[in-house]
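What follows is a set of notes on a single structure, which appears directly below.
The values are calculated or read from the model by the stated rules, or taken from the named source; none is laboratory data. Everything quoted here is computed from the prediction, not taken from an experiment. With ideal geometry, Cβ positions are generated from the backbone for all residues, glycine too; neighbour counts draw on all protein chains shown.
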2 protein chains.
Amino acid sequence: MSSPTETERCIESLIAVFQKYAGKDGNSVTLSKTEFLTFMNKELGAFTKNQKDPGVLDRMMKKLDLNSDGQLDFQEFLNLIGGLAVACHSSFLSAQKRF
Amino acid sequence: MSSPTETERCIESLIAVFQKYAGKDGNSVTLSKTEFLTFMNKELGAFTKNQKDPGVLDRMMKKLDLNSDGQLDFQEFLNLIGGLAVACHSSFLSAQKRF
């Protein structure tokens, strides 16, 4: 078997990261609010540390939890990753335009 | 600076992979049909090689191209990655249930 491509590695990583945090308590196929906060602080500390508003993570969880069951399933988790990637990509493009 | 977490690396990889393929011809902020096919064959060859129906990539492109401009922007590209990740995750969960 050939080694995985960057895209394949990335898909595997997203699944592994989700399962790591979703497995911490209760239902292991969803992220509870506590698991979501642990994930955000451990994996996206650079983002959470810059937030001065303590309510931002609460509001993110509410917005991501599309079916309002108090849990994030894998699709809802991917919407978070996608949203952050789009934000990074946009700021990268606008930085490029300055030069 | 501390080394990036797995999630941060993954977000960076998705942006880098998109830019690599989007930059091959014409508009470098979107994937043309040709760039999409190159991406699929190079990065997701394990998926494309197993497709016996030659029209599957055409139909995927049409389905992903939400605004029907013949190009995939970064958000549309992320929907592809998300769709594949959800499919992988689901097959992983159903494989687990068998044991």
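Quick notes
- Segments classed as helices (runs of 4 or more DSSP H), wholly inside chain B, with at least 1 members that are closer than 28 Å to residue A:38 by Cα and within 16 Å of the chain's Cα centre (by Cα): B:6-22, B:74-97
- Candidate set from region A:1-25 (those that are surrounded by fewer than 16 Cβ atoms within 10 Å (Cβ to Cβ) and acidic (Asp, Glu)); member that is farthest from residue B:96 (Cα to Cα): A:6
- Within region B:21-43, the set of residues being within 10 Å of chain A (Cβ to nearest Cβ) and modelled with pLDDT under 95 comprises B:28, B:29.
- Residues of region B:74-86 classified as surrounded by 20 or more Cβ atoms within 10 Å (Cβ to Cβ) and either more than 8 Å from chain A (Cβ to nearest Cβ) or closer than 15 Å to residue B:58 by Cα (or both), total: 2
- Number of the exception - residue B:69 against (1) within 9 Å of chain A (Cβ to nearest Cβ); (2) surrounded by fewer than 17 Cβ atoms within 10 Å (Cβ to Cβ): (1)
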